């Protein structure tokens, strides 16, 4: 499959693909006999390789899938997850938004697809989109808090695992699938997706296709905030529209697997394209292509000391070019292989657990005048063990990881002779679940985590236009180390549930980008110099989530989160930390009808870093009305209203908060069908 989108000027449009997808929604899928028999087990939750339910997890996990995910989908992964307790988003305009977990972003939040890391350039720069489109994702697992034990030292903040089922894992005799389309919203979205799986009980095949097209985002008021205009005199222009925020993306995948009673073996290939405007520069667009080949297999019910073996591998060929007035500027490439081999052993002295090996080999290149990092080869490998010991209704978990990371830069005219850095990050964790009674339980998790510095933290040396700074790395950086504690109190009774969590993470040497106070001349302009430094830091916070069934028709939901983060050298606040947020909602069901009202209030953020502007609070009121049409294909129509108060929403965690607000009041119409 070659669905490459050629470099396109602003305003370019291509309609046939999404029109075809909409047609798919209204056209029944033909099959000889629709006597579909599907064996679908629950998808194991990320963060526990033994596949336990999220209620039995020691670490905080949020799972979003099925209809709930379909109704919540946004244009980016970050915006889809924004609002989950502890989760915000970088929001570099409507087209590039990466999840932030508990105030930590970039390399500290590991983005995965089907349990294997995503090799894109989104952690390098906030204007680079994540190489995953939410339209084809079937489930998203979010681990809040350190997950370095199972997923590597970079996962000090958490893990986001997007699951797409492109490799069938269970026997399928017949067909199954879904289709959906939606129109409207503040960016005049026109998108759609179709997913089909067919099988004969032994072999199964998967196909999916999607397309998404948006216009410039409609905003309430001006793009530039009053605070920025008053602080530096930036004029308040472009009222009502966020210029250069339109986008066009499409893609698809084919997958196949041999399924049998004790496992599966499969392969998939995906190709995606994304062309979008970068709102920080009105003349710059990004044209992205991403090709991914995955291999996955599992053998269960083995004889001997090993019960199960699981293999996951992915090869990624990622590239994007930055276009200025249609001319190619900087090109970013990231190509490599990631994978893991995991073995589940038989119970030993009451312990269930896994042994695993994980590897990564990537080659990153930045080519062009605005490249601020050299070409880099990163190699990483590690061994890990995770164990659970049940003691009656209680549980103790423990494990460790030991790894080796090498980061080698290439010789370059701009960056000088190549350099090589080697690190040995190690992580350990001890957790437990204590069942107080049938309704209450308490969990805790103690962890020590180490992370090797990333290639840009080590070798950056140039103007980074997206952040408006001249960034300087440091080859003197050591492993980033932290110790953390996380505790939760959970209550569940009938249709009611409540979780209250608290955490604290102390960094010995938190690697951040700090302004030096100097200025560097670049092409006649002066840019503030920012240097990657390691400082002691403390992150702590609270999270709340609850659901209460008021009766058979009504349900009440509550949620909230708070993060407090400081540089403990001087007691200064760290930048871009989300303020206190509190929210709630009402959910109503009556026959085929479903209605929701949801509100999230973010308080004013006054606790800011040096040279960082404060951010006003906002209230985001949204509503949903959905109707399921009785019938064979389970069609559901829905209307979603966003920002009903037309509030000026600026996320403090965004680099562009003062020039790029969220969308204005809008209504989005959609339809989805499962067959």
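Since every read-out is calculated from the coordinates, none of them should be taken as a lab result. All figures in this text were calculated on a predicted structure; none of them were measured in a lab. Reconstructed Cβ throughout: ideal geometry from the backbone, glycine too, with neighbour counts over all protein chains shown.
Quick check: the distance between the Cα centres of segment 258-321 and segment 565-594, to the nearest angstrom? If we compute the Cα centre of each part, the gap is 31 Å. Quick check: from the Cα gyration tensor, does segment 553-675 come out rounded (a/c under 1.5), prolate or oblate? Prolate.
Once you order the gyration tensor axes a ≥ b ≥ c over the Cα atoms, which shape class does segment 61-140 get: rounded for a/c under 1.5, otherwise prolate or oblate by comparing a/b with b/c? Rounded, because the longest to shortest axis ratio a/c is under 1.5.
Remark on segment 174-236: ratio of C-alpha radius of gyration to 2.2 N^0.38 Å is 2.05. For segment 484-599, the direction-averaged projected area of the alpha-carbon convex hull comes to 11.9 nm².
If you look at the Cα atoms of segment 120-222, you get an Rg and a Dmax of 18.0, 58 Å. Listed peptides 596-606, 189-199, 228-238, 433-443 appear in the order 189-199, 596-606, 433-443, 228-238 once ranked by packing, highest mean of other Cβ atoms within 10 Å at the front. Peptide packing for 115-128, 165-178 was compared via the average number of neighbouring C-beta atoms within 10 Å per residue; ordered from the highest value, the list is 115-128, 165-178. Each pair of Cα atoms in the chain enters the Kirkwood radius, and Stokes-Einstein at 37 °C and 0.692 mPa s then converts it into a translational diffusion coefficient of 127 µm²/s.
For the chain, the relative contact order comes to 11 percent (Cα pairs under 8 Å, sequence separation of at least 6). Calculate the FRET efficiency for residue 446 and residue 557 from the Cβ-Cβ distance with a Förster distance of 35 Å, rounded to the nearest 0.05. For residue 446 and residue 557, the calculated efficiency is 0.70. Adding -39500 (n - 2.57) for every DSSP H run of four residues or longer, then dividing by how many residues the chain holds, sets the calculated 222 nm ellipticity at -1500 deg cm²/dmol. Ranked from largest, the principal axis spans of the Cα set of segment 329-420 equal 63, 24, 19 Å. The stretch between residue 383 and residue 363 holds 5.0 nm of extra length on full extension. This uses 0.36 nm per residue minus the Cα-Cα distance.
Over segment 247-370, Cα pairs under 8 Å with separation of 6+ residues give a relative contact order of 18 percent. Does segment 170-288 classify as rounded, prolate or oblate by the C-alpha gyration tensor (a ≥ b ≥ c root eigenvalues; a/c under 1.5 gives rounded; else a/b over b/c gives prolate, otherwise oblate)? Taking the square roots of the gyration eigenvalues as a ≥ b ≥ c, segment 170-288 is prolate.
When each of the peptides 266-277, 64-75 is scored by how many other beta carbons lie within 10 Å of its residues on average, the order from highest to lowest is 266-277, 64-75. Projected label points at residue 610 and residue 419, each 7 Å from Cα along the beta carbon direction, are separated by 2.4 nanometres. Distance between the pseudo-spin-label points of residue 327 and residue 351 (7 Å out from Cα toward the beta carbon): 6.3 nm. With both labels modelled 7 Å from their Cα along Cα-to-Cβ, the residue 337 to residue 237 distance reads 5.1 nm.
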